[in-house]
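Please read the structure below before turning to the comments.
The numbers here are math on the coordinates, done by the rules we state, and not lab data. Bear in mind that the values here come from a model prediction, so they are computed numbers and not experimental data. Cβ coordinates were reconstructed from backbone atoms using ideal geometry, including for glycine residues, and neighbour counts include every protein chain displayed.
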Amino acid sequence: MVNTNTATEPASKEVVKIPTALIFAVLMSYFALYLYIQANSAAQETIFVLVILGIALIGSRFARFRMAHNSRAPWILRIVGILFFAGNFPQRDGSPLLFNPAVVALLGMIWGIEAAIQAWRERPWGNPPGASLILLSSLTFVSASTVGEETNVGIFGNYVALLTPIFLLLIVLSFRALETSSTPAPPAHVAAVLRVDRVPRRVGNSIALVRLMALLLAIGVGFGCWWPVHMYRSQISTWGNELLENHPAPETAGLSSAPALGDMFNGNGSPTRVLRIDNYRGDAHLRGLCFDTYSRGRWLPAEESVRYEPTAAAAMNSTAAGERATVHCYVSSLREIVAPLNVAGIAPGPGVEVERADAAGLVFRVDNAISPYTYDLIQAQGVANQGILCAPISPEERARCLNIPADIDPKVIDLAHKIWADAQAKADAAGVAITSTQGAIPQAKIDAVDHYILSHYTYALKSHPGTGDKISNFLLHENAGHCEYFASSAVILLRALGIPSRYVTGYYAHESQGSSTIVRQRDSHAWTESWVDGIGWVTVDMTPGGGRPDKLYPPTAATTRMWEWLADRVADAQAYFARFTPAQLSGGVAGMGIAFYGLRWLIVGLRRRRRRVIAPVVYDNRAEALRDMAVIFDKYLADNNVPCPPNQPWIEHLELLGIPTAPRLISPVPPGLGVRGPEATDVATVKSTRTIDTARALDFVREYNALRFRKSFDAERAAETRALLEELTRKEAN
Amino acid sequence: MKIETETGKTMLTHEQFAATAGRVERNLATVIRGKPASIRLVLISLLAGGHTLLEDVPGTGKTTLAKSLAKSINGIFRRIQFTPDLLPADITGSSFYRPQDGTFEFREGPVFTNILLADEINRTSPRTQSALLEVMSENQITIEGRRRNLPQPFFVVATQNPTEFHGTYPLPEAQLDRFAIRVTLGYPDLDDEMDILVTHNDGEPIDSLEAVVTCEDILDMQALVKTITVDRAVAQYILKLVEFTRADTRLRLGISPRGSLALYRTAQARAAIEGRDFVLPEDIRALAGPVLAHRIMLDTKAKYGGVQNDQIIDEALNQVAVPR
């Protein structure tokens, strides 16, 4: 065995006592925290925890037990303590978290728990936890003296000018008792001679003085940092507000409440994500708002002037059967529920209240939009069915949807008739008859107008409004415009041909990500809805293909999509965990921790236990005679309550029984090898056995060894040895 | 009285062997007081043909032990004090140019000796360490193409301080393997230390030490050790112990065949010292610690979890069945 120099080993494992002054300082910080909690009625039931901590701290002065230096018990206590208070953590409601009394009290408790844990840990180098306790008690004290706008100062606050100097005085008093921490304890034999157990008084005083200076310096620095901030706090907050105001406001998204035909549409092409629809397989046109009155370049009725009434979910056919696509809306300024025209039912998500208006087409709107909110679109099979949004047209609505306003140039009406006449002529010329089935003629009219517009007009983001009415100008004099113009023109031309039509704004869904469809603000679009007798409302989009949102803008950057995906996963996780109360979550985490450590402990214990299996005794001798003798001797020992364990030779076993072997031909096991059999007995426990004749036993063993391990087997000697054994066992039988 | 064997070589008897060994031990005990076990271990490693690693704090008598051993067997004693700037040529020797002849003359290094004390072997660079270790394992040196034999018996006592690691090149386990036995002396008891002070009063006791055996006797004893019977069951016991260390998950390196061979030989030497011509399992158990403990390498987790090498060997001895 290697002899290590004892001076470099950690000093004695004696229990280290914390100086009394320091204990009082920590207790005082607990008391301050108690007063703080009392005054602010923040988690009153945690006060008894403070009492427990105080008792634990005092108890550490008298108890001899300490947690081992590398044990996991401190961590378990910390986690249990944090989880215990986790349920009391206040919700985020907008107030500054740092000065919320509940949070401050929680932090103070955490420092307090840590102080109690430090008092109970083993100190292998013989020094009390001076620095840790001073720091932790100071932090607790500071927590208790935190004053914010919502804090009630209470008794402590009134006397803080008195209590703080006492606290500091206690800490300073403890310096004298906290001896040096850098020099190790002298080795035992030196200490015994010199009787060194504390540093000379001179050195102790200077150390205390240095620590006091350090404390004063820290106080000075802290005050020096706090005072200017406090003095100029109003300026600082003003500056902060200015900084926030200069920050560019987030982009607004949503649908215009009264769209006006302008010269630019969706100029910046904002990629802000508006919607995410999962499992959507319907029409790309998601309509939001409908307008049926055109007046001076603007579509009306404006959304603000329409009356919305709350509606129940049943009115939206939210239990209809069909494929469900979940819409997540991320923009709270978009309150309209966008859905394809043929949607069979709409099921609002949890907490979403819907209101409806029937002024110009059926429009649903969310009443209390706090993004993100969700609703389901239910789509039945079949393409051309008429869903809840396709209410049969009333006479008033028909009149409105056929009305051509006075602003429109009469030439436009002529143009419409001309288009239809040309189309009919063409059909006649080609010999194709337009059947008179239900809805065939309106469909043909729509196709004719569509064909005309697509062949005579192109898409351009910028257009010249010109003078006079914008639609007339576009149809008669311009040949390029954006989707608003195309949609408006389609409405007017179709009305001129006797098809009731209205102007619709919404979003064009084209961007897919996995199984979801993403709709961005730049995908906003305008198109037409027409009433075809016999079929119902149909979507008519006459914007050229190159002008639809899927062709207008470059695809979204991969990084943007990645961030959005990440944000969605975080939102999903939040929604999942919001289902549990904090107590349930703490219990779950604690349970998992216990399961993990329990399993590990079990497995290690099992493995260790399995390794203790000792192989059975090896008897394979060359001769039967020897084996018999060995078995008999083992049985003899076992019968006399001194069985020899399989891992020990007989001679060692007999020696361990306390009987000296003489003469010492065999040298003893070197000290420090520490051969220990699992059943090593000492003389004291042998008292209960029948005493065996150990001298004879040793003789036998020596003879046996000479027979067993020699190169040649001596049969004569074997007989003698056998006789020896029989004499030995026979003697005992008597 | 030696016995003639069939081949005509004279062989010692076992009684003579034991007597001679006892003489050497007693001789050494007059100088190194109170350490019979350590002296016996050193003698065992000498007779087994291996080398010894003395791990000890300074001033416990390592040099004295090596010197008195050399004196007892009437052999040459050389000492190398290892320093970080030592070169392999300082150990093995090198050729010098003689201008007057125009030839190269080889000057032998300190390694051409019977007993070599390699002091503080962990204070020199690995290059120099490997030069010495190579010499130890091969018992001959090849310099500039010429092979030179070392004197027989060749026995190395290397020392290292187990507590100071600042500025050292600790021997890796692969090279510690070349030492048959690791021995510590340790501080003597107070009574023995009193004896030391008293005897040193009149002069160094090592000066009055006489030779009790010759080098040829040592060689004969080494030859006899090789003839000690080792029963198959005892050899299997060695292998089971070694297998235990190889299978232990706490060890990165178990015992190598060099280790099992060292245990085999040293057990033979121990049996011979005690006057037996056969090896008992007790010999194996007594030598397992000194011979095997320095050869195993602990896993990081075990090392910092407080497991000691001796603990592993103890467990092996506890868990392997002994042949009866």
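Taking other Cβ atoms within 10 Å as a rough exposure proxy, A:Leu585, B:Leu224 sort from fewest to most as A:Leu585, B:Leu224. Summing Lys, Arg as +1 and Asp, Glu as -1, what charge do residues with Cβ under 10 Å from the Cβ of B:Asp195 carry, B:Asp195 excluded? Net charge around B:Asp195: -3. Across the range A:291-305, computed HN-Hα scalar couplings (Karplus, 6.51 cos²θ - 1.76 cosθ + 1.60, θ = phi - 60°) run 9, 10, 10, 10, 8, 6, x, 9, 8, 10, x, 5, 4, 5, 8 Hz from first to last residue, x flagging Gly and Pro.
Need the C-alpha centroid separation for the range A:281-320 versus the range A:400-460, integer Å. Their Cα centres are 27 Å away from one another. Proximity of backbone amide H atoms, modeled 1.01 Å from N, is registered between A:Tyr373 and A:Cys329 at under 5 Å, excluding neighbours fewer than 5 places apart on the same chain.
For A:His525, the residues whose modelled amide H falls within less than 5 Å of its own, excluding neighbours fewer than 5 places apart on the same chain, are A:Gly506, A:Tyr507, A:Tyr508. If the segment from A:Lys635 to A:Asn127 were pulled out straight at 0.36 nm per residue, it would be longer than the present Cα-Cα gap by 177.2 nm. Can you classify chain B as rounded, prolate or oblate using the Cα gyration tensor, where a ≥ b ≥ c are the square roots of its eigenvalues, rounded means a/c under 1.5, and otherwise it's prolate if a/b beats b/c and oblate if not? Taking the square roots of the gyration eigenvalues as a ≥ b ≥ c, chain B is rounded.
Shape class of the range A:462-554 from the alpha-carbon gyration tensor: oblate, with a/c at 1.5 or above and b/c at least as large as a/b. Spacing of the modelled spin labels on A:Ala214 and B:Met297, each 7 Å from Cα toward Cβ, amounts to 4.2 nm. Oblate is the label for the range B:1-152. Its Cα gyration tensor axes, ordered a ≥ b ≥ c, give a/c of at least 1.5 and b/c at or above a/b. With R₀ fixed at 51 Å, the C-beta to C-beta distance from B:Arg252 to A:Gln386 puts the FRET efficiency at about 0.05. Straight-distance candidates among the aspartates and glutamates for linking to B:Lys71, with alpha-carbon spacing under 15 Å and chain neighbours fewer than 8 residues away dropped: B:Glu25, B:Glu204, B:Asp207, B:Glu210, B:Glu216, B:Asp217. Longer than 21 Å from Cα to Cα, which of A:Lys445/A:Lys470; B:Lys67/B:Lys226; B:Lys35/B:Lys67 are they? Say none if no pair is. Check vs 21 Å cut-off fails for A:Lys445/A:Lys470; B:Lys67/B:Lys226. Database remark: amide H of A:Thr517 closer than 5 angstrom to the amide H of A:Ile277, A:Asp278, A:Asn279, A:Tyr280 (H placed geometrically; neighbours at sequence offset of 5 or more, or on other chains; Pro and chain starts carry no H). In chain B the longest region clear of GluC sites (Glu not before Pro) that are loop-assigned by DSSP and have at most 15 other C-beta atoms within 10 Å covers B:7-143. Over all other residues within a Cβ to Cβ distance under 10 Å of B:Arg33, the charged ones net out to -4, with Lys and Arg as +1 and Asp and Glu as -1. Phi angles across the range B:112-122 convert, under the Karplus curve 6.51 cos²θ - 1.76 cosθ + 1.60 with θ = phi - 60°, into 3J(HN,Hα) values of 7, 7, 8, 10, 10, 9, 9, 7, 6, 5, 8 Hz, Gly and Pro given as x.
Using Cβ point charges alone (K and R +1, D and E -1), the dipole size of chain B about the Cα centre works out to roughly 940 debye.
In chain B, the DSSP beta bridges split such that about 45 percent are antiparallel, to the nearest 5. What the phi angles of the range B:139-147 give under the Karplus curve with 6.51, -1.76 and 1.60, with θ = phi - 60°, is a coupling list of 6, 7, 10, 10, 10, 6, x, 9, 8 Hz, glycine and proline written as x. For the pair A:Thr467 and A:Asn403, a Förster radius of 25 Å applied to the C-beta separation gives a FRET efficiency near 0.60, rounded to the nearest 0.05. If the segment from A:Asp367 to A:Trp565 were pulled out straight at 0.36 nm per residue, it would be longer than the present Cα-Cα gap by 68.5 nm.
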